[in-house]
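Report on the following structure.
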Amino acid sequence: MSAFTLNDLITIMRRCAGELDEVQLTGDIADVPFQDLGYDSLALLEATGWIAREYAVSLPDDVVTSIETPAELVAFVNEKLDRAA
Amino acid sequence: MSIAAITGVGVVAPNGLGTAEYWSATLNGTSGIDRITRFDASSYPVQLAGEVSGFAAEAHLPSRLLPQTDHMTRMALVAADWALADAAVQPGEMPEFDMGVVTASASGGFEFGQRELENLWGRGPEYVSAYQSFAWFYAVNTGQISIRNGMRGPSGVLVSEQAGGLDALAHARRHLRKGTRLVLTGGVDSSLCPWGLTAQIPSGLLSRSTERGRAYLPFDAAAQGYVPGEGGAILVMEELEIAKAGCDRPIYGVLAGYASTFDPPPRSGRQPRLRRAIELALSDAGVVADDVDAVFADGAGVAELDRVEAAAISAVFGPYGVPVTVPKSMTGRLFSGGAALDVVAALLSIRDGVLPPTVGTGRPAPEYQLDLVTGAARPGTVRTVLVLARGYGGFNSAVVLTAPQV
Amino acid sequence: MSPSRSYQAGGRRVVITGIGVIAPGGIGAKRFWELITSGQTATRSITFFDPTPYRSRIAAECDFVPEQHGLSPQELRRMDRAAQFAVVSAREAIADSGIEPEQLPADRTGVSIGSAVGCTMSLEREYAVVSDGGRRWLVDHSYGVPALYDYLVPSSLAREVAWVAGAEGPATVVSAGCTSGLDAVGYAVDLIREGSADVMIAGATDAPISPITVACFDAIKATSPRNDDPQHASRPFDKSRNGFVLGEGAAVLVVEEFDRARRRGAHIYAEIKGFASRCNAYHMTGLRPDGREMAEAITAALAEAKLDRTEVDYVNAHGSGTKQNDRHETAAVKRSLGHHARTIPMSSIKSMIGHSLGAIGAIEIAACALAVEYGVVPPTANLHTPDPECDLDYVPITAREQRVDVALTVGSGFGGFQSAMVLTGSGVRS
């Protein structure tokens, strides 16, 4: 079981960057690019900063530009967590 | 030369959300000053403030904006929305480089800043928000308002404490004169968090009274300081001919004159410069003292400052020479938002032919020789109004508003 | 008719007659000019506090000892470092202008001081005291120092300068983020043109090198983490650039109505011919790649100056050294100056003195005025391998002797603000 789930990410995104009125963070959004969900690089910086602190993982500087979708970010964080474990 | 007309106003005030609620409360003498509720202020020597109550940002703004904005920016964005709606302007239908934004600021997003300072000092640098780099700074309202409304023309952010609200309006007028069609302008401020209140206390100008009706008494012999408040107003300013072409849209009035001066240092033996600001503003407006129907005074509620202001008013208009009022006695002083809100009140006085009262002050100190509007609103023809604002440290600004020419 | 109306009809011209600068690497306009034309850099590891926990641990700090500049203990207690910079620079500028302070016409002299973050250093220091190191939300007001309200509302910066100059005309602080310096001087130009003042003490100051500012730029990864090589960390337009280097400093100018300056036989550095600002209305920290707003500001400033784009001899770039900015700006300059952009030098002095937020715009105006004065274009240091998308002549490494009659300086800041100013030398007089 993953230590970091899509639901965890959605909760964090809501908290860090709100939710767009026209985009509901429900259903199958795992592969929808962050940009299409209305989250810009600033929102991702806030969210990845949160994840780095709360999950005690170190994320590289370019994570917000190299990762495009929630699924990719979840996988990336889990990989980091596995490696740290 | 172009004439600067005000065609829309948006108000977020301690005694009323929205223009109608604010104006009705203000004419009735209803004060928004009360005990501080946002935090437990019982350990502070200042316990009263003009807090904006009932403002639910999430009811007015997309949730996307909330994590990145301080309380005062949220209020400014909503005031801007209301002002545009009032002016019946759809920014999306205008050329984006023809619209600009000029706001005044005094302390930035201070509550946001306190939270991030606490994160940094109490927990560590990695806890500081990605939004801190702009959410607290003085330029944030101009930036956020321009983004929300797609306004890409000239901008500006002025900081001259309470005088800044008038300086912003005057700078907006400069942009109109250079060809910008519409400028959103004014000021909204708040630093009513524990750190903000703590930073205000050393000015020595805050009232320590806990009696809400007697805490802030402009021009009263018993004046003992002012009550801090939050909120302000955003106005839509357009070139008069363009505004007139907008068919049946209301025109509140015209920013006809403006001037600002700066006082010499204390103990220099030189005279304060408020009187000169008044005279220059009248001259800029092409009016004389007799033309002025009312003065919306700065009304610091501090004896030394009240005396200087009263002397300047009497010197220009003569003793008891013009009705004077201080509606901010019902809101407290709103820093960069105060003068912008006074301008709205003055424009509504022109519209409705009535001057709002100064509350608290029963009778002004006789030595001031002021015809202060107290007790109840005073009806009468109001076509030309002088609004004064003075910023801590010596900033004096004066604006002359006139009724829209028919 | 009111003074402002009659003056406006007269087409009043505005010139720079005095310059005062505090910049990393040296105090005073002379030392500043020597540094930026030598190509030396003043960026280093942060010494003001222990930077160990931070991502970016580099800054361009000023070695400024206020007591050496005649500030009294009382003034030091009252003034934030940014205010101290402003006051010392203002005194230098007034002395440089040849005006005896008592000869300044009080009512006709105004003040316009830019600052992005005001008195943030003092605010943070005092916050740490009243909050017991960030442990109390309900901070202890009894530890609040007397000057705390001066720090809260940075209009105190304009007050301090007004007192130095004896100015009793219009005074304000202009705080438009990183375009504050340009906007403050642009504001001063407006006031002189419209007749509200004859002399403006105008410029900008910022002293942001404190933990909260370093942390907030860390959070958005805007500053350079090249911590093992601080002298070469500010690399505008270079392929290897990775963020800006935080700086501090001030520049204050004596900005004067032309006829007045001429009558008193003043030395004129340059005329300020045009200024404009635009917003991107796009993002608080992001830039549209096409650079259209900055291009609009440049075009509007040139139009106000009544100059053709082909007359520009030098562009002083914003050139912060972030990936995004340098490409944006290159696009904006190409868009506004067309083919001419490829034929003229464009350099970033931030490569040497870092990015002092609101102050830098005024410091860069000073650099342009001095470039016009001396016929030398300062270089972009640390530019060895240009980014292929940054393909203009950025004057790498070494200064260039070249006549500069028309200089353009641009700025870009959070909030989406873009500003441009045009200065001319005596060769271009309308």
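Points worth noting:
- Matching residues in segment B:274-305 - criterion: being assigned to a helix (DSSP H, G or I), small (Gly, Ala, Ser) and surrounded by 24 or more Cβ atoms within 10 Å (Cβ to Cβ): B:Ala277, B:Ala281, B:Ala285
- Note on segment C:47-91: residues that are more than 21 Å from C:Ala116 (Cα to Cα), in a loop (DSSP other than H, G, I, E, B) and of a type in the set (S, T, N, Q) total 3.
- Count of segment C:95-136 residues, restricted to those that are surrounded by fewer than 24 Cβ atoms within 10 Å (Cβ to Cβ) and over 16 Å from C:Leu152 (Cβ atoms), is 18.
- All positions within segment C:176-209 that are farther than 20 Å from B:Ser105 by Cβ and hydroxyl-bearing (Ser, Thr, Tyr): C:Ser196
- Hits in segment C:150-204 - residues which are in a strand (DSSP E or B) and either surrounded by fewer than 24 Cβ atoms within 10 Å (Cβ to Cβ) or within 10 Å of chain B (Cβ to nearest Cβ) (or both): C:Ala171, C:Thr172, C:Val173, C:Val174
- Elements of the type helices (runs of 4 or more DSSP H) sitting completely within segment B:162-253 and holding at least 1 residues that are under 24 Å from B:Met75 (Cα atoms): these cover B:164-177, B:194-200.
- Flag for B:Ala170 being surrounded by 21 or more Cβ atoms within 10 Å (Cβ to Cβ) and facing chain C (nearest Cβ under 7 Å): no
- Conditions (1) over 17 Å from B:Met237 (Cβ atoms); (2) over 19 Å from the mean Cα position of the chain (by Cα); (3) touching a residue at least 60 places away in the same chain (Cβ under 8 Å): number failed by B:Glu118: (3)
- Some residue of segment C:299-316 being in a loop (DSSP other than H, G, I, E, B) and surrounded by 24 or more Cβ atoms within 10 Å (Cβ to Cβ): yes
- For segment B:16-67, the set of residues classified as of a type in the set (S, T, N, Q) and outside any loop (DSSP other than H, G, I, E, B) consists of B:Thr19, B:Ser24, B:Thr26, B:Asn28, B:Ser63, listed by residue number.
- Within segment B:181-200, the set of residues being surrounded by 24 or more Cβ atoms within 10 Å (Cβ to Cβ) and either modelled with pLDDT under 95 or more than 9 Å from chain C (Cβ to nearest Cβ) (or both) comprises B:Leu182, B:Val183, B:Leu184, B:Thr185, B:Gly186, B:Gly187, B:Val188, B:Asp189, B:Ser190, B:Leu192.
- Applying the criterion of being within 24 Å of C:Leu123 (Cα to Cα) and not β-branched (Val, Ile, Thr) to the residues of segment B:201-224, the residue that is farthest from the other protein chains (Cβ to nearest Cβ) is B:Ser207.
- When B:Ala79, B:Ala5 are screened for being in contact with a strand residue (DSSP E or B) (Cβ under 8 Å, 6 or more places away or on another chain), within 25 Å of B:Trp136 (Cβ to Cβ) and either outside the structural domain of B:Phe110 (by TED's automatic domain parsing) or not in a loop (DSSP other than H, G, I, E, B) (or both), only B:Ala79 passes.
- Tally of residues being facing another protein chain (nearest Cβ under 7 Å) and closer than 25 Å to C:Phe217 by Cα across segment C:119-144: 9
- Some residue of segment C:119-136 being free of Cβ contacts under 8 Å to residues at least 12 places away in the same chain and of a type in the set (Lys, Arg): yes
- All of B:Ser63, B:Ser53, B:Ser107 fail the test of being closer than 28 Å to C:Arg125 by Cα and of a type in the set (Gly, Ala, Ser), apart from B:Ser107.
- The single condition among (1) surrounded by fewer than 24 Cβ atoms within 10 Å (Cβ to Cβ); (2) at the interface with another protein chain (Cβ under 7 Å from one of its Cβ atoms); (3) out of contact with any Lys or Arg (no Cβ under 6 Å at 6 or more places or on another chain); (4) not hydrophobic (A, V, I, L, M, F, W, C) that B:Gly153 does not satisfy is (1).
- Residue within segment B:96-108 that is facing another protein chain (nearest Cβ under 7 Å) and free of Cβ contacts under 8 Å to residues at least 40 places away in the same chain present: no
- Filtered residues of segment B:374-406 (kept if closer than 30 Å to C:Ala162 by Cα and hydroxyl-bearing (Ser, Thr, Tyr)): B:Tyr392, B:Ser397
- Selected residue (criterion: farthest from the other protein chains (Cβ to nearest Cβ)) from residues of segment C:246-270 that are surrounded by fewer than 24 Cβ atoms within 10 Å (Cβ to Cβ) and among the acidic types (Asp, Glu): C:Asp259
- Identity of the residue in segment B:122-146, among the β-branched types (Val, Ile, Thr) and outside any loop (DSSP other than H, G, I, E, B), that ends up nearest to C:Ala215 (Cα to Cα): B:Val140
- Restricting segment A:30-69 to residues that are under 24 Å from C:Gly415 (Cβ atoms) and more than 10 Å from every other protein chain (Cβ to nearest Cβ) leaves a set whose member that is surrounded by the fewest Cβ atoms within 10 Å (Cβ to Cβ) is A:Gln35.
- Residues (in contact with a strand residue (DSSP E or B) (Cβ under 6 Å, 6 or more places away or on another chain) and more than 16 Å from B:Asp167 (Cβ to Cβ)) located in segment B:97-127: B:Met99
The values are calculated or read from the model by the stated rules, or taken from the named source; none is laboratory data. Treat the numbers as computed from the prediction; the structure is a model and nothing was measured. We place every Cβ from the backbone using ideal geometry, glycine too, and count neighbours over all the protein chains shown.
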